[in-house]
Structure formats: structure tokens, C-alpha cells
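One structure is given here, and the rest of the page talks about it.
The values are calculated or read from the model by the stated rules, or taken from the named source; none is laboratory data. Being a predicted model, the structure only gives us computed values, none of them experimental. Every residue, glycine among them, receives a Cβ derived from its backbone with ideal geometry; neighbour counts consider all protein chains shown.
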Amino acid sequence: MGVITKTVRAGLLATVCGVSLLAVSAPGAYATGMPQLDFANPLVTGQVMWGAIIFFIFYLVLSKAMLPGVARVLHDRSQRITGDLEVARSAKQDADKAVAELQQARKDAMAEAQAHLQKVLDEEHRAAEQQMQEINARLASEIADAEKNVAAEKARALSALKEIAADTTQALVQRLTGVAPDAQLVAQSVESASAHRSII
Amino acid sequence: MAGGSSINVLEQFELHPVLGGLGEALRFSQSPLYMMAAVCLVLAFLYFGMRPAAVVPGRLQAAAEVCYEFIHNMAVDTIGPEGAAFFPFIFTLFFFILAGNYIGLLPFSFTFTSHIAVTFAMAFMVFLLTVVVSLKVQGLRFFAHFMPDGASPFLAPLLIPIEILSFLSRPVSLSIRLFANMVAGHVMFDIFASFVIMLAGFGVVGDVFAIGPIAINVALMALELLVGVLQAYVFAILTCIYLREAVAH
């Protein structure tokens, strides 16, 4: 501050000297002296009075009317800008929230669908297995029945075979001997023969 | 000047009563008239600039807003949060001086800031304001500022008169700075213009050489436009600095 003050003072001194020199060198300038320093002139001091009045009115008009108007415009603008920014920020927040909700919903739906699919697959699997078991059981029982039938048929055929053999034997013996053999004896012979051969 | 066409470069600072006897009686010269013109110019600029009050400003409104924000920032940045209260005063001061300086640059017009009575009245008003604000904010501690902190008590007889003198010289330096700058500029305009008339007396050769002073006056006009705004700024910023010291606790 000290240096600045000194510089300013030096500058002032130089300026005043320069002005004085110019005033001296100018033709006919110094004769009358500077009108500004003629304080005997009522117009010079009158400036102060009028200046005070004008300055005060200027100050009043500016501070009461003009500057508050400018301040209001600037304030409204900054208010509007912050308001718009706030709206934009809340809109962005809403959008972000909506996106998050959407993503969550999609994830939930995916998980639900996966679970549902698994359940359906399991059910199908179980149903198929059960059906298979039923079919197997039915097939097994049918096979068993068929085998029983076959065995019965076979037994019946075999028992019929002995009768046929006895009949054939009787007919053969009668043809060969001309005598009808005892049926009892024939049956006995067929029995023993068949036992030897073990056809069955 | 043998030819008798002498030009008095200080004649431009003379005051003449406006409206004859009435102006004489009311001590109303052309100086208050130009003050009024300057004030009306600034008010008209602000009024027509801010009349649209648009959210997206036009050129004139943007200029008015720049002026407002420039002075507002200067006041608040320099003085501190209390600066907002002094802002209208700083604004008034700055634009009163600026408009006065610039109106004075118009040909045939008058520069009221070239009168020491006007500049000293403004500087003294600033000085009184700082003293009143200092006493109101700091009370009697204000007088402690005349003894710098940490200085040896043995230096007090030397330091205190220096500090008091430096404090009292503020309005003097503030007023003379503005007054001297304005006077110097306008005297130089007149001197170089008088060279042109002097050279005109030397015939064709003189006419050719007269281009030099005219070119210098054109350059001087650019310089004076700079000086005009610079001096208004210096006056306003120094007022802010004095007020900062006044409101400092």
C-alpha cells in the first residue's frame, strides 16, 4: 500500500507539474489563472450546492427505482434457471427410477418364468415316468396271462395227444390183428411209452 | 502570437451563468446543467435498457446488466458482505464521474469533473462517509488504527502523525487525481488544436504539417476515453477500499 501511495503521489505531482507547464507554455493562458481556483466566483461554489442536489437525486432514483429493478430481473433469471435445473434433475431422477423398476420387473419375470418352466418340466417328467410304470405293469400282466394261456393250451394239446395216440394204436392193432384190443391196455401202453419218450 | 488570434486553453473551464440573471441569482452555471445531462443519460440508459426486463436480454439490457454486475461485484468483492449496502452509492459515484468525463469529451461541451470544487466535494463526501461508518462500526477502536499493530511504542510519536496525515490526505489525493487528469487531457486537446491554427498561418506548408497535431488529437481522444473510465474506476475502487477499512472489525 505504501509503495502504491507513493507512486500515486509521484504521478499526481508529475501530472500537476505537467499541467502547470502546459498552462505556462500555452499562449496567454497564465494571465487569467485557472478558473477552477477562482473561489470568489459564486458560480464555482454554486457547483457544489447544485452538484450535491443532483447527486442526491441521482442516488435516490438509482437506489429506490433503477437498481432494484435490475436486481429483480437478475434475480428472476437466476431463480428461473435454478428452477428449470431442478425440474430437469427431478425428471432425470424419475427416469432413472423407472428404468430401475423396469429392470427389476424384467429380472423378476425372468426368475418367475424360469421357476414355472422348471415346475412344468418336473411335472411332465413325473407324469411320463408314472405312465411308463403303468404301461410296464400292464404289459407284464398281459405277458403273464399269455404265458398262462400258452401253458394251458400246451397241456390241453398234450392230453389230446395221448388220446389220439391211444385211438391210433387201437385202430392200428385192429387192422393188424383184426381183433379190437382192450382199451384199458392200450391206454396203459401209450402212457408208458410216452413216459419213456418224454415228449412233454 | 503576433496575429492576435490567441487561444486561452483555460477558457474552456470558465463558468457562465445559464439563463442570464436567473442563473446568476441561483448560481446555476453550465456545470450543473451538464451534471443533469449526465444523470439523465445514465438514467435513460438504465430505464430503456431494463424496460424489456427479458429473461434473455437484448444488447442494451445486457449492457445495463453488465454495468450493474460490474459495480456490484466490485463493491461486494472489495468491501465484503457489507458491500451490498454501499453498492447504490458506489454505483452513483462511478456513473456520475464516468458520464461527466465522457460528456466532457464531446466538442463544445463542458467537463464538470475538471473542477476541483466538484471533485473535492465528492471526495470529501466519501471521506465523511468512511469516518461516520468507521465510528458507527468500530466505535472508539477506530482511533487505534492510527497506531499500526506490532510497531514499537517508541516509534509512536513518529508513526501516529504520519498515519493521521495519510488519513487526512485521502480526500485531497482522491479529488486532485480526478481533477488533474481531466484538466490535463482537455488542456492538451486545446494546445494541439491551437497548433493547427498557428500552422494555418504559414500557408500551404503549414496546412500540410497541421495534419500532425490533428492526428495527435485523434489519438488523444482514444487516450481520454481510457482515462475517463479509468479515473471513474479508480475513484470508485478507492472508495470501496476506504469503506472496507471502515467496516472491518
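Return the residue satisfying two criteria in turn: it lies in the stretch A:55-68 and is facing chain B (nearest Cβ under 8 Å) and surrounded by fewer than 19 Cβ atoms within 10 Å (Cβ to Cβ), and of such residues it is nearest to B:Val55 (Cα to Cα). Steps first, please.
First, pick out the residues of the stretch A:55-68 that are facing chain B (nearest Cβ under 8 Å): A:55, A:57-59, A:61-63, A:66-67.
Those still in the list that are surrounded by fewer than 19 Cβ atoms within 10 Å (Cβ to Cβ) too: A:57, A:59, A:61, A:63.
Working: A:Ile57: 29, A:Tyr59: 26, A:Val61: 24, A:Ser63: 22 Å.
Once the filter is applied, the top-ranked residue is A:Ser63.
Got a number for residues in the stretch B:37-77 being at the interface with another protein chain (Cβ under 7 Å from one of its Cβ atoms), among the β-branched types (Val, Ile, Thr) and in a helix (DSSP H, G or I)?
Residues in the stretch B:37-77 being at the interface with another protein chain (Cβ under 7 Å from one of its Cβ atoms), among the β-branched types (Val, Ile, Thr) and in a helix (DSSP H, G or I): 1 in total.
So, of the residues in the stretch B:122-156 that are farther than 15 Å from B:Leu93 by Cα and within 23 Å of the chain's Cα centre (by Cα), which turns out to be farthest from the other protein chains (Cβ to nearest Cβ)? I'd like the intermediate steps shown before the answer.
So the first thing to find is which residues in the stretch B:122-156 are farther than 15 Å from B:Leu93 by Cα, and the list is B:131-156.
Next, from what is left, pick out any that are within 23 Å of the chain's Cα centre (by Cα): B:131-133.
Numbers: B:Val131: 18, B:Val132: 16, B:Val133: 16 Å.
Taking the candidates together, the pick is B:Val131.
Give the residue that is nearest to the other protein chains (Cβ to nearest Cβ), with candidates limited to residues of the stretch B:87-121 that are among the aromatic types (Phe, Trp, Tyr) and under 15 Å from B:Arg177 (Cα atoms). Reasoning before the result, please.
In the first step, residues of the stretch B:87-121 are kept if they are among the aromatic types (Phe, Trp, Tyr); the result is B:87, B:89, B:91, B:94-96, B:102, B:108, B:110, B:112, B:120.
Within this subset, residues satisfying the condition of being under 15 Å from B:Arg177 (Cα atoms) are B:94, B:112, B:120.
Values: B:Phe94: 11, B:Phe112: 7, B:Phe120: 8 Å.
The extreme case among them is B:Phe112.
I'd like to know if the stretch A:130-149 contains one or more residues that are outside any helix (DSSP H, G or I) and surrounded by 10 or more Cβ atoms within 10 Å (Cβ to Cβ). Step through it out loud before you land on a result.
To start, the set of residues in the stretch A:130-149 that are outside any helix (DSSP H, G or I) comprises none.
Scanning the stretch A:130-149, I find no residue that is outside any helix (DSSP H, G or I) and surrounded by 10 or more Cβ atoms within 10 Å (Cβ to Cβ), so the answer is no.
Considering only the stretch B:157-172, state which residues are within 12 Å of chain A (Cβ to nearest Cβ) and touching a residue at least 24 places away in the same chain (Cβ under 8 Å).
B:Arg170, B:Val172
Identify, from the list B:Ala156, B:Ala151, B:Ala144, B:Ala123, the residue that is modelled with pLDDT of 95 or more and of a type in the set (Gly, Ala, Ser).
On the way: B:Ala156 fails: modelled with pLDDT of 95 or more; B:Ala151 fails: modelled with pLDDT of 95 or more; B:Ala144 fails: modelled with pLDDT of 95 or more.
Testing whether each residue is modelled with pLDDT of 95 or more and of a type in the set (Gly, Ala, Ser) leaves just B:Ala123.
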